[in-house]
Each structure stands twice: as structure tokens, then as C-alpha cells.
Amino acid sequence: MDTITGNSFYFDFEVKLMEYLQTALGDKAISIISFFSAFGEEMFLIAILGYIYWCYDKKFGIYAGTNMVIGIVLNPLVKNIFWRRRPYFDNEAIKCLRPVDSSADIYDIKAQGFSFPSGHSTNSITAYGSISRYKKNNVVRILAFVFSLLVGFSRIVVGVHYPTDVLCGWLLGIVVIFLTPMIIDKFGPQKRWLAFLIIFLVGCLGFFYCKTTDYFSGLGIMGGFFVSVEYEERFVHFESTRNPVFSITRVFGGYALYIALNQVLKIPFNADFLASGTLLSNFVRFLRYFIVAFVCVGLYPHVFKIEKRFKQ
């Protein structure tokens, strides 16, 4: 297994600001601010995308989901170029208050990921920015701005990102939400699959140099999402619903399926192998997330046909 040490580079004002915030803010304030990190994390964003795609508006879900899955791949592609170490690696006064992977050592770069740019910040912009651009509502725009701001600020306060990580994470997300729809529109609805294929193949370049698990998870989700969107359009054709009961069952069912599949697909493999960081273990991780995304986005909507029995 390769040993990754990463690169150290930062501005003095960033360290001083982070030290000041962690010292000046009380434990309760930090706890509240830390909570907002959850709004840029995997499980919360899956719940949002799940509701939009499975229930509210399928077309809207595809639009937001496409931006989001590209963002979760593009971010680690950039991270693995700069290899910037997290702030607490090189500054003892900065505490790591919310590690990316709480089950791993906070100094395990493969598990905790690199620092630049901030993945949470990119995620928040691609998710909430996509919602804002699609809905074109002033209230939604304000909420999207506030949530993205709080997510980024929380990452600085909990000591896992420099301010420049957050700023560049936001910038990367903005690039995604403006550039992706333009690319998809250039190909048109009939050739959307070709746009997906090209984007996926570009994303696969990370296999040659990416070392962190977030890239392989993201690539699997992106590939599974792209395939499942095309599959659903050809073979499923499920209908959106505003029925509260059906919406709740769809979201909770899909959420449970996502979690269960992730665990079941780990069973055939040794835990040490999955954590080894070898090319084969990384490919297994990619394949696992590909299957999970395909099942949840493409196959799971077949179940929605059962609802018709209750409507009759």
C-alpha cells in the first residue's frame, strides 16, 4: 500500500483565523456550527435528491443529480492533483472537530481525504445551487446561498479546511452548475447518453492518479446514475407523486435500500482488503457504488407501480 504524505501550503492569515475561531467560539457555538456540515454530506444530499427524483419532479431530479454526481467526481480529481494536507496536520493549535471518516485515524489521508478544495463546499453549491437555478425563485435563491455559506463556514470552524479550500470548493461547484447544463444541452435529449459517456470517460482519468477513496465512490455513483437515468427512460417510466404517503414511503424505502445495499455488497470481502487502498480494492469500491446507484435510481422505481393498486 502506498504511503501518502501530502503537501503543506497555506497562508498565515488562514491559520490565524482558524485558531481565533476555535478559541473565541464556545463549545455550544462550535457544536451548532459543526451541525451545518451535515448539509453538505452524502446521506443528507441523497435524501434531498431522492425526494426530488423519486417524488417531486423526475426531470428536476435528473437535472440536479447530474450536477451533483459530476461535482463529487470533479472535486477529488482536483484534490488528488494538489495533495494539500488538512489544516490540523501541520498546525497543532487547530483541532479536528469533525473528521470526514470518524471510524479511521484522523491522520489517515486516504480515509480523510485531501483538503483542497473543500468537497462539502462543492457539494453544497452543486446541490442547493442546482435547486436554485432550476426553480428560479428568490426565496429559494436566498436559502441556497445561506445553506452553502453555512456549510463552508462550518468546515473552517471544525478545523478540516482552510478558508481557501472553501472558496475554491464553492468556485468549483459554480463552474459545475453553469457548465454542465450547457454541455448536456449541446448534445440534446436524443444524444444525452453520449454526453454522459464522454463525461464518465473523462472522470475515469482519475484511475491513473487518484489515491483517495472519495474519488472511487464518486465515480461509481456517477457511472451508476448515468446508466440508470437512461435505463429508467427506456424501461421504467415512473410517475412523480405529491401524495404525502407515497412520497414518504418512496424516500424512506430508497434511503433504506441505499444503506442496506452498501453493507450487503461489502460482505464478500475482507475488511482489511477493502481498506487496503490497492487498485483492486478501489475498483471494488467503484463497482459497489455503481451497483448501489443503478439499483436505487434505475431499478427501485419499478416498485412504484405497486402504488397504482392503492389508487384504484
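Nothing in this text is a laboratory measurement; each read-out follows from the coordinates by a stated rule. The structure presented is a predicted model; accordingly, all values stated were derived computationally and were not measured. All Cβ positions, even for glycine, are placed from backbone atoms using ideal geometry, and neighbour counts span all protein chains on display.
In the neighborhood of N123, defined by Cβ-to-Cβ distances under 10 Å, what is the net charge if each Lys or Arg adds +1 and each Asp or Glu adds -1?
Details: positive: none; negative: E41, E42.
Taking every Cβ under 10 Å from that of N123, the sum is -2.
Compare the Cα positions of G224, L167, S121 along the charge dipole of region 113-240 (+1 at Cβ of Lys, Arg; -1 at Cβ of Asp, Glu; about the Cα centre) and return the one farthest towards the positive end.
Toward the positive end, the furthest listed residue is L167.
Just subtract the alpha-carbon distance of K191 and D90 from 0.36 nm times their residue separation and send over the number in nm, one decimal.
31.6 nm
Among Y215, S247, A111, flag the residue with its Cα farthest along the positive direction of the charge dipole of the chain, charges on Cβ as +1 for Lys/Arg and -1 for Asp/Glu.
S247
List the chymotrypsin sites (Phe, Trp or Tyr not before Pro) within region 1-90 that fall in a DSSP loop (any state other than H, G, I, E or B) and whose Cβ has at most 14 other Cβ atoms within 10 Å.
Working: sites: F9, Y10, F11, F13, Y20, F35, F36, F39, F44, Y51, Y53, W54, Y56, F60, Y63, F82, W83, Y88, F89; in loops: F9, Y10, F11, W83.
Here the sparse-neighbourhood loop sites are F9, F11.
Would you grab the residues whose amide H sits under 5 Å from the one on R84? Only those 5+ places off in sequence or on another chain, please, with H modelled 1.01 Å from N.
N7, S115, F116
Only four residue types carry charge here, +1 at the Cβ of Lys and Arg and -1 at the Cβ of Asp and Glu. Report the dipole size of region 140-221 about the Cα centre in Debye, rounded to the nearest 20. It would help to have the intermediate numbers written out before the result.
On the way: 6 positive and 3 negative charges, 39 e Å.
Dipole of region 140-221, to the nearest 20 debye: 180 debye.
Nearest 500 deg cm²/dmol is fine: what mean residue ellipticity at 222 nm does the chain get from its DSSP H runs of n ≥ 4 alone, each adding -39,500 (n - 2.57), divided by its residue count?
That calculation yields -20500 deg cm²/dmol at 222 nm.
Over 18 Å between C-alpha atoms is what I'm after, so list which of K135/K186; K16/K110; K59/K135; K58/K135 land there. If you can, show how the numbers build up before the last one.
Numbers: K135/K186 21 Å; K16/K110 27 Å; K59/K135 12 Å; K58/K135 14 Å.
Beyond 18 Å between Cα atoms: K135/K186; K16/K110.
To the nearest 0.05, how large is the calculated FRET efficiency for D101 and V175 if R₀ is 30 Å and r is the Cβ-Cβ distance?
The calculated FRET efficiency here is 0.65.
Taking the Cα centre of the chain as origin, work out the dipole magnitude from +1 charges on Lys and Arg Cβ and -1 charges on Asp and Glu Cβ, in debye rounded to 20. Numbers along the way, then the final one.
Numbers: 30 positive and 22 negative charges, 241 e Å.
With Lys and Arg at +1 and Asp and Glu at -1, about 1160 debye.
Once fully extended, how much extra length lies between F11 and K266, figured as 0.36 nm per residue of separation less the alpha-carbon to alpha-carbon distance?
87.7 nm
Tell me the net charge near T164. Cut-off is 14 Å between Cβ atoms, T164 excluded, with +1 for each Lys or Arg and -1 for each Asp or Glu. Please list the in-between numbers first.
On the way: positive: K16, K79, R84, R85, R86, R155; negative: D12, E14, D165.
Counting the neighbours of T164, the net charge comes to +3.
With the crude spin-label approximation of a point 7 Å out along Cα→Cβ, what separation in nm comes out for S31 versus N137?
3.3
Taking R0 as 22 Å, what FRET efficiency do you get between L149 and I248 from their Cβ-Cβ distance, rounded to the nearest 0.05?
Approximately 0.15, to the nearest 0.05.
Relative to the Cα centre, what is the charge dipole magnitude of region 158-295, using +1 at the beta carbon of each Lys and Arg, -1 at the beta carbon of each Asp and Glu, and rounding to the nearest 20 debye?
That gives a dipole near 120 debye.
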